[in-house]
Amino acid sequence: MSTLAVSSPTAYGLAALAVLVIAQVVVATAAARRGGHVPGVAIQDGPRSFAFRAQRAHQNTLENAVPFLVALAAALAIGVSPRVVDGAVLVFVGARVAHASAYYAGVERPRTAAFAIGLLAVLVMSIATLTVAAPVSL
């Protein structure tokens, strides 16, 4: 039986992603309570409200974590180079931190750029997985 080898940068990146998600829950809950909102209920105040932005940043991170984790699991199972996996993980996590920070601050262009960078990291890992799984011979 084979085991999936996870390198230190990938493990640290996954730990950092978990910390980010937990921190976002804390921030979103605190902002909602401060604004008099009931935790767990969608905030309808709009993007000018920090509570709204905090809740949306958290939701967006969760939505983007799913394809990232699927791509990561496939890359590890197929045996993609640890350098590629580590790089993609660190870029993705850094992009998610930048995205959340920009969302909290209410600045759209840096938020969009961070989203695109994170998406690119997932695509690189996915393409690397496909390349290893089905190499093309010329």
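The values are calculated or read from the model by the stated rules, or taken from the named source; none is laboratory data. Values in this document were obtained by computation on a predicted structure and should not be read as measured data. Using ideal geometry, Cβ is built from the backbone for each residue, glycine included, and neighbour counts are taken over all protein chains shown.
Among the residues of region 46-54, are any under 30 Å from LEU130 (Cβ atoms) and either touching a Lys or Arg at 6+ places or on another chain (Cβ under 8 Å) or without any contact (Cβ under 8 Å) to a residue 12 or more places away in the chain (or both)? No: zero hits. Taken over region 69-89, residues that are within 14 Å of VAL132 (Cα to Cα) and surrounded by 16 or more Cβ atoms within 10 Å (Cβ to Cβ) amount to 9. When region 90-130 is filtered for residues that are of a type in the set (S, T, N, Q) and surrounded by 14 or more Cβ atoms within 10 Å (Cβ to Cβ), the ones remaining, listed by number, are SER101, SER126, THR129. Can you confirm whether region 72-90 contains a residue that is under 24 Å from PRO9 (Cα atoms), of a type in the set (D, E, K, R) and either part of a loop (DSSP other than H, G, I, E, B) or in contact (Cβ under 8 Å) with a residue 12 or more places away in the chain (or both)? Yes: one or more hits. Set side by side, the residues VAL66, VAL25 differ, and just one is farther than 22 Å from THR131 by Cα, part of a helix (DSSP H, G or I), aliphatic (A, V, I, L, M) and at pLDDT 90 or above, which is VAL25.
Only a single criterion out of (1) in contact with a helix residue (DSSP H, G or I) (Cβ under 8 Å, 6 or more places away or on another chain); (2) surrounded by fewer than 13 Cβ atoms within 10 Å (Cβ to Cβ); (3) among the β-branched types (Val, Ile, Thr); (4) under 19 Å from ALA121 (Cα atoms) is not satisfied by VAL38, namely (4).
Sub-9 Å Cβ pairs linking a first residue in region 13-28 that is under 22 Å from ALA42 (Cα atoms) and surrounded by 12 or more Cβ atoms within 10 Å (Cβ to Cβ) to a second residue that is modelled with pLDDT of 95 or more and hydroxyl-bearing (Ser, Thr, Tyr), at least 6 apart or interchain, are LEU20/THR61; VAL21/THR61; GLN24/THR61; VAL27/TYR104, ordered by first then second residue. Remark: pairs (first residue in region 95-107, over 14 Å from PRO47 (Cα atoms) and at pLDDT 95 or above; second residue surrounded by 20 or more Cβ atoms within 10 Å (Cβ to Cβ) and not β-branched (Val, Ile, Thr); Cβ separation under 6 Å; 6+ apart in sequence or on different chains) = ALA95/ALA114; ALA95/GLY118; ARG96/GLY118; ALA98/ALA114; HIS99/ARG111; HIS99/ALA114. Among the numbered conditions (1) over 19 Å from the mean Cα position of the chain (by Cα); (2) over 30 Å from PRO135 (Cβ atoms); (3) hydrophobic (A, V, I, L, M, F, W, C), the only one that ALA114 does not meet is (1).
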